[in-house]
Each structure stands twice: as C-alpha cells, then as structure tokens.
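The values are calculated or read from the model by the stated rules, or taken from the named source; none is laboratory data. No experiment lies behind these values; they were computed from the predicted model shown. A quick note on method: Cβ atoms are made from the backbone with ideal geometry, for glycine too, and the neighbour counts reach across all protein chains shown. Calculation scope for accessible area: heavy atoms of the full protein, side chains included, ligands and nucleic acids excluded. Shrake-Rupley method; radii C 1.70, N 1.55, O 1.52, S 1.80 Å.
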Amino acid sequence: MKNLNIKVLSDIIANRIAAGEVVERPAAVIKELVENAIDADAKSIDVEIKQAGLAYIRITDDGQGMLPPDARLAFERHATSKISSEQDLEHISTLGFRGEALPSIASVARVELKTRPADQAAGYMIKIEGGQVLAEMETGCAPGTTVLVQDLFYNTPARRKFLKSQATEQAHCVQAVEAAALAHLDIRFTLIVDQREILNCPAAPALPDRLSALYGRALPNELLALEREAGGIWIRGMIAGPGDHRHTRQGMRFFINHRPVEHRGLSHAVIAAYQNLLPHGRFPLCYLFLTMPPHLVDVNVHPAKREVRLRDEHGIHNVVLDTIRNALKGSDLSGGRAQEAILKGTGQASAPETYAQKPLTLGWSAGRVREAVASYLTPGSRGTTPAEPASAQEQVAEAELRIIGQVGRTYIAAQDQEGFFLVDQHAAHERILYEALIRHQGELPRQSLLLPLTFELSPAQSGLLKNYFDFFKRIGLEISPFGGNSFTIQTQPEAHVQGDLIALVREVLEWLEEHGKIDEETLKKEALQRIACKNADKAGDRLQPESMLALIQDARDLGTLPTCPHGRPFIFRLTWQDLDRIFKRD
C-alpha cells in the first residue's frame, strides 16, 4: 500500500513547486478530484454535476480513504502524501503532488468530504465553506472518499464572469472525465449530468473497448493502432486515416505516463505526419499515449499540470512523426481514399505540384500584387460598394467577357477588354452562396429530408448540441434527440443541395467547443459560411463554359471585397499593360 500519511511540505519544497491557481473552471475541480481518486487506487469513480458544475459537483471513489487527521490536513496548502523531498520532484509518478487542489477548491466553494479506509468501522466527515471549517464529525459511509462541491465561486463572483456559456462549461466537464477514462482503462467511470447518465464506462481490457464505450458510433469506422518502443519510451495509441478529420485540434489527445497533457511538439509531429494528406485547415484524429521514466518528463511547469516539458523534445518529436507516417504508409487509409478526402474536404486542397516546385517570379512588390487583386472583376472598381447600373460602355464590356477555360480544374481563366484574370472557382462560388444566405432575414427556409439522418456524438458534444437546437432550426436544420447520445436531422436548408449535413453539425459544435460563449449573430455567420463552403464548387470539379461564365457574372454583381468568407482572395487580374511590362513590350 502507498504511504498516504499527510504532511505539510517545507518552505524549500513548496517554493520549488510552481504556484498558481488550479481552480479556473468547474472542469478543473473535476480533474483535480478525479486525479486524487486515481492516486488513491480507486477502481470505480462516479462523477455527478448540476448546472455545468457551478451548482453541484460530487465525486465518489472506492479508493483507500483517509483517517481523520489526514483528512483535516489535506485542506492545508501544500499538504501532500505524494512527495517528501526535493529529489522526489525529479521522479513524480502520481497525478497529484502539489497539495493545492483541496484548499483551493474549499476557498471558493462549499465543500463536504466523507472518507473511510476499508479497515475502519466508521468514517469521517468535514464541512468547509470559503476556506473555514464549519463542522467535522464521525459518520457512516462506504470505504473510499466522496467530495461534494457546491456553489462554486459563490464568494468570488468576478470569477464567474470569465466563464463561458453553461453549455461550453458542461462540455469541458465531460471532456475532463473522458480524458481520465482514456488514460486509465482499468478504472470504471460514470458521469451523471443534471440527473441524466452521460457516461458509463466499465473497466476496459484495451483502448478500442474504452473508445467504443465513450464515443460509440461517433468514432470513425476504421482506426489504426500504433505501438513502438524507442530508447525506453513506449508509444501506443490509435489514429484515424486522412478521410476522418476535424475542424479544430480537439480531436488530438495526448497522454504522458497516464496524464492528459497539452504539448506543442507532439501536436506538431502529428500534423506533420499527415502533411499533404488532409485538406487545408483540417486536423487529424488521434489518441496518443507515451510511457517513459519519470525523470525524462517535467510535470511541474504548469499550475494545473496541463503542460509538460520533455527532456528530449526533438528526439521524441521525430519518433512520433516517424511512427505515424509508417502507420499511414502501411495502411489502405492513406492511398486513394486520402486523395478522395482531399477533394471532398473544404475545397482548399493544394493545386497540382509544378515542375521543379519553383514559383514564377514576376518582380512585383507585395503592394503591387495587392493592387492587382483589389482591382477585382469590374475595371476601375475596388468592389467595396454595390455596382451602379451598367452604362452602355459597361454593357459592351460585359459582352466582351470571354471564358478561356479551367486551369487545374481549380481556377477559371478569362479575359475582357481590360486584360486577363484568374478566378478561384471554389472561393468565388462560396462567397456568392454565403452572401445569398446572409441576406435572408429570420429563419432560413427548410425542406424535409426524405429519410431522417441519424448520427451519434461524443458525450461532450451531445450536451452542447441540446443547448443549440433552436439555433440549428433557425438555419434550416431541425434536430431531435434519438436516445442516449444519438440524434436525427429531419430538415435541411432549401439552399443546401449537397454536402454532409452531419459533418456540418459536427464542425459547428467543434467551433463552439473552441470558442465558447459567443453571440448568435457571430455563430450564424460561422454556420452559414460552412453551409456555403460545402455547397460551393470544389477544387477538382469540372465546370462547363456556361457555368464558369455564370459564376463570374454572379461574382461581379456581389458588390463586396473579392474574398471568400474566410478571407482568401478569389481573383487575380493582369491588365494588358501589366502583361506588356512583364514581357518587356512596353
């Protein structure tokens, strides 16, 4: 059995531990208390929250429990059973070690702790409010520990102002439990949110079983297993092929010695391994676990222990990169399906590689190029105001517009009386569709689907979606619960004629997870951008001459800056005078 005798650290050791606030949001409370339960050898951990954890958090474990003196001392700052000397800081093998969690939580909430070691006949209860002990007594309770946290930040209302929406904070709480469940397969986890069971994960023999219990049908159909040992460091995990990607980095999960972490080097290695396999701005899905001797990783660099420092950052980066690249090369998921994924992605895939990969230098300054782009499609206009009614001369110019053809099935080449220009077919069409959608007032017209679409989300996204049913309905998507974390889509916007509606919903939820509390107008613009993107002509689509002509004519009528909704320019113009200067004919 581990040595669980509680003691107050010396000033020397306490000063070496990075100080900082560990209770930044309800999810941080859950993380710290679950880590304490894991360190106490719990095999079952139950988490219950109400109102995204602000009103109520209860965590119950079947771990070792504490004797009354240890339970009292646990609420003292820097009191810990995990380290005793400075040397212990170099070999930390537990999740908690700072001794800040319980006193920090108790200082900003109403806390009740019940605990009993299995060999004791009675348990012990202590109540603390705002850091002050209100009561302590003997009590009956099951072996293990239960911590109840109520009215979080009740005495520091300014803290609440920095929190995101309740839906976002709830998603963070769910993610905290998910992370612990992924890192510790041998422990049973349950999560109840507002009296509804969200998670029920029994102890799992292997990672695929735990992933299935957590995410169900929200997982990709195929995942690749990773396993490699290099220099005493084990790399294990699972990754999705290039056909399954995300709008944000939140699908990239990293664990070092069973600790969920954020690490820029590991993130870079994973993204680099998928280079040229994913559409622009998309990120892979991976669950990566590294196991290494404790002295090779410094977990004492962040107050909440989220970030770590590796002794051999460069070497581990390269091993991870090489491991994932080899897995992708040896799988069918990286061949033709990867190319298909690029073409069906956001439409921002790279153009075909050119000979020698050397850019053509025109000798223009950046300002000169911007000036050419800003000239837009209408000669003499910057496109910042709606176009005036066409004069007789402009009508002649319109008639002289001639389509030359497609370049790389990505750009439309055309000319008029002023010169030559290239139009990015996807970016231009995306802007046209977006402007048509954004001008519509109120709810977007919607049409019923012949067959409703059924899909499943992660528990975190499931809770988030339920708070945005009305919003999705206003943009044409009527969504209903279908049991558990499953949902159905019954309608789509009338303007939506192609694209994956389920992917659209997932992307909006990923964006909400990343950005948190935002106003509805901003959210509407973001969602409509995605609808426009999914319906616009893609890079790689073959267009007929009449379609190219109509697209350019519609773009001329926009009266907006010549960029897609994401800010990418969609027009590059060279006047006849520009061409003469380039070829020294002036």
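Cβ-Cβ contacts under 6 Å between residues 6 or more apart (or on different chains), taken from a first residue in segment 263-288 that is part of a loop (DSSP other than H, G, I, E, B) to a second residue that is open to solvent by less than 10 Å² (accessible area, probe 1.4 Å) and hydrophobic (A, V, I, L, M, F, W, C), are listed as Leu277/Ala338; Leu285/Ala240. If you go through segment 113-127, how many residues are out of contact with any Pro (no Cβ under 9 Å at 6 or more places or on another chain) and open to solvent by less than 40 Å² (accessible area, probe 1.4 Å)? Qualifying residue count, segment 113-127: 3. Name the residues in segment 537-573 that are within 33 Å of the chain's Cα centre (by Cα) and under 16 Å from Arg402 (Cα atoms), would you? Selection gives Ile571 alone.
Tell me yes or no: at least one residue of segment 283-299 is surrounded by fewer than 17 Cβ atoms within 10 Å (Cβ to Cβ), at pLDDT below 90 and under 16 Å from the mean Cα position of the chain (by Cα). No, there is no match, as no residue in segment 283-299 is surrounded by fewer than 17 Cβ atoms within 10 Å (Cβ to Cβ), at pLDDT below 90 and under 16 Å from the mean Cα position of the chain (by Cα). Looking across segment 26-48, the residues that are touching a Leu at 6+ places or on another chain (Cβ under 8 Å) and under 14 Å from Val174 (Cβ atoms) come down to Pro26, Val29, Val47, Glu48. Within segment 128-164, the set of residues being among the aromatic types (Phe, Trp, Tyr) and open to solvent by 70 Å² or more (accessible area, probe 1.4 Å) comprises Tyr154, Phe162. Of the numbered criteria (1) open to solvent by 50 Å² or more (accessible area, probe 1.4 Å); (2) within 18 Å of Ala550 (Cα to Cα); (3) of a type in the set (S, T, N, Q); (4) modelled with pLDDT of 75 or more, the one Thr410 fails is (1). Annotation: of all residues in segment 91-112 being in contact with a helix residue (DSSP H, G or I) (Cβ under 6 Å, 6 or more places away or on another chain) and farther than 16 Å from Asn155 by Cβ, the one that is modelled with the highest pLDDT is Ala101.
Confirm whether Ala273 is crowded, with 20+ Cβ neighbours inside 10 Å and farther than 24 Å from Ile30 by Cβ. So Ala273 passes the test. When restricted to residues that are surrounded by 14 or more Cβ atoms within 10 Å (Cβ to Cβ) and in contact with a Ser or Thr (Cβ under 8 Å, 6 or more places away or on another chain), segment 426-451 contains 6. Every residue in segment 244-262 that is β-branched (Val, Ile, Thr) and either outside any loop (DSSP other than H, G, I, E, B) or modelled with pLDDT of 90 or more (or both), please. The answer is Ile256, Val261.
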